[in-house]
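Single-structure report; data block below.
Only the coordinates and a few stated rules stand behind these numbers; no lab work does. Bear in mind that the values here come from a model prediction, so they are computed numbers and not experimental data. In this analysis, Cβ positions are derived from the backbone assuming ideal geometry, glycine residues included, and neighbour counts consider all displayed protein chains.
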Amino acid sequence: MGIVNTTPDSFSDGGRWIDAQAAIRHALKLREDGADILDVGGESTRPGAAVVPVAEEIRRVLPVIEALAGRGCVVSVDTKKPEVMRAALDAGAAMVNDVMALRVPGAMEAVAASDAAVCLMHMQGEPQNMQQAPAYADVVQEVKQFLHGRLAACEAAGIRRERLVVDPGFGFGKTLEHNLALLRHLDRLAALVAPVLAGLSRKSMLGALTGRAVEEREFAGVAAHLAALARGARLLRVHNVAAMCDALAVWNAVEEQQDGT
Ligand code: 7PJ
């Protein structure tokens, strides 16, 4: 899964059309590099990031989703807002990637009314406060319990299992120790009924381990994603698709799973 950011480029005053064109160009490059899914997002969920109004988020992601779906790409929309989900699904998105795991009122119904896939991610707290004092008695058990509960809620709402993906939410209300425990024991989440998505690309955990700035974490990210893969992850959400695909080519040749499953 390749990450496609549609937040406006704060260093250019080119306007919406130029921003959308840049995002589409970038997304098509990611597909060429080997991405199977393009994850389009219009609101940053980084710690302390500003909330984006619904209409603005739709204005950012919709032209990009329409263009990519129109070219036959498998598109996921990274949002927690039901209105954005509905607009994106109408525009051809095949998947909803929700860091709130459909807990915002109306989100469950928006997905249930479609036949889209959905990624249910764990987060402790809200983006505004989640890194202030993350605390767990047993992080792996608690994340697993949460995801199990959300899977059950989806099934109760009529979203069949085959549509569901789960994600421990690395960096979302977690200390370095929590993130490492989740990665080390990812196989316990893989025991849930749904495939596991791992997203570690450029995250602060990699900075803490290497001392490197955000734009210098590519090698660390590849290592972290291979560690996730070895413990049963089936989807990897990354910025640098080409680097990840090279690593997967070697990995799959060794594991004799050349179809990437
Ligand atoms: C994730 C995400 C993640 C899923 C972001 C960033 C922050 N969606 N959206 N999993 N992270 N499913 O990319 O650093 O880990 S936004």
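Rounded to the nearest Hz, the phi-derived 3J(HN,Hα) couplings of the range 73-86 under the Karplus curve 6.51 cos²θ - 1.76 cosθ + 1.60 (θ = phi - 60°) are 6, 7, 10, 10, 10, 8, 7, 10, 9, x, 5, 5, 4, 4, where x marks glycine and proline. Among the trypsin sites (Lys or Arg not before Pro) in the range 69-150, those placed in a DSSP loop whose Cβ has at most 15 other Cβ atoms within 10 Å are ARG71, ARG103. Here the relative contact order of the chain, from alpha carbon pairs under 8 Å that lie six or more residues apart, stands at 16 percent.
Remark: the range 118-124, residue by residue, has Karplus-estimated 3J(HN,Hα) of 9, 9, 9, 10, 8, 9, 9 Hz, where x stands for each Gly or Pro and the curve is 6.51 cos²θ - 1.76 cosθ + 1.60 at θ = phi - 60°. Candidate cross-link partners of LYS174 among the lysines, defined by an alpha-carbon separation under 19 Å and a same-chain spacing of 8 or more, comprise LYS144, LYS203. Taking amide H positions as placed 1.01 Å from N in the peptide plane, with prolines and chain starts having none, which residues 5 or more places from ARG217, or on another chain, fall under 5 Å of its amide H? Amide H neighbours of ARG217: none. Couplings 3J(HN,Hα) of the range 211-227, computed from phi: x, 9, 5, 4, 7, 10, 10, 5, 5, 4, x, 4, 4, 5, 5, 5, 4 Hz, in residue order, whole Hz [Karplus 6.51 cos²θ - 1.76 cosθ + 1.60, θ = phi - 60°; x for Gly and Pro].
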